Amino acid sequence: MTIMTDRITVILARPQNPENIGLVARCMQNTGFKRLRLVWEGPLPRQAFVTAVHADEILHEAEIFPTVAAAVADQQVVYAAVARKRKNFPMLTREEAIGNISTAAPDIQIGLLFGNERTGLESTELLHSNFRFQIPQASSQPSYNLASAVLLSLFPLFREGFQAEPPAGQESQLPRAEQKECIDRILMKLEDKGFIHPVNKTHVTAMVHDLFGRLTMTAKDRNLLLAIFSKGGDA
């Protein structure tokens, strides 16, 4: 049995308030998580360390990236937390997402992606996730505080113990950057064939990302998909 806390990374995309970064680090410390990444410009400000409360080490070791794409590039499965349902992006419940994560093979690198407190994740950022999940809340409240959303996602995993045996013979998923590259190549083929055109491009692009994102493709999946789309009609 293998503990998975060191293979789950919390990723904050463009957090608005530095204090919330420190509060997220504190939530991670409380639940045993250590790996934090931020889509952020420049060094972390002092305010983040003020609210971290004994979680300074997590902030000191946090990795900073210029874009969501760069932050998730080496993650094999990415779950994005959203405050509201999004057109073209089917949702999992929080329980479904937690169930999938807690039973994943122990060698899988998993990213938990959270958006800006005010605006959430942009649609273009959601394209870099495999799954989206929503945390239930009273309809009168627009969204959870960032640290609260992170804690509500991490605590059930902490409680479960993060222990799982790898399924026998399961092939490892590709890093997210390689999955995205394959999806982009498929989209290019579909555009070349006229299936994607200016009128439907946004809608179909999101649907294709969702379809192949849920596949969490392996190298074998990628090779088959690229072979199918390269031979289908004009090769």
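The table for this structure:
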quantity: Per-peptide average of other Cβ atoms within 10 Å, ordering 73-80, 27-34 highest first; calculated: 73-80, 27-34
quantity: Listed pairs Lys193/Lys231; Lys180/Lys220; Lys87/Lys231; Lys87/Lys189 exceeding 21 Å between Cα atoms; calculated: Lys87/Lys231; Lys87/Lys189
quantity: In order through the range 181-192: 3J(HN,Hα) via Karplus (6.51 cos²θ - 1.76 cosθ + 1.60), integer Hz, x for Gly, Pro; calculated: 4, 5, 4, 5, 5, 5, 4, 5, 5, 5, 5, 4
quantity: Neighbour count of at most 16 Cβ within 10 Å plus DSSP loop: longest GluC sites (Glu not before Pro)-free window in the chain; calculated: 172-235
quantity: Estimated [θ] at 222 nm from DSSP helical runs (n ≥ 4, -39500 (n - 2.57)) normalised by residues in the chain, nearest 500; calculated: -13000 deg cm²/dmol
quantity: Ranking of Phe131, Phe158, Phe195 by count of other Cβ atoms within 10 Å, fewest first; calculated: Phe195, Phe158, Phe131
quantity: Ellipsoid semi-axes in whole angstrom, largest first, where each is sqrt(5λ) of the Cα gyration tensor of the range 46-104; calculated: 27, 16, 14
quantity: Residue-count net charge about Arg46 - beta-carbon cut-off 14 Å; Lys, Arg +1, Asp, Glu -1; calculated: -2
quantity: Kirkwood estimate for the range 176-231, i.e. one over the average of 1/r between Cα atoms, Å; calculated: 11.5
quantity: Per-residue HN-Hα couplings for the range 70-81 [Karplus 6.51, -1.76, 1.60; θ = phi - 60°; Hz; x = Gly/Pro]; calculated: 5, 5, 9, 3, 9, 7, 8, 9, 10, 10, 9, 8
quantity: DSSP-defined antiparallel bridges as percent of all bridges, the chain, nearest 5; calculated: 15
quantity: Relative contact order (percent, whole number), the range 2-164, Cα cutoff 8 Å, 6+ residue spacing; calculated: 32
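We did not get these values from a lab; they are worked out from the coordinates using the rules stated. Since this is a predicted model, take the numbers as computed values, not measurements. Backbone-built Cβ (ideal geometry, glycine too); neighbour counts: all protein chains shown.
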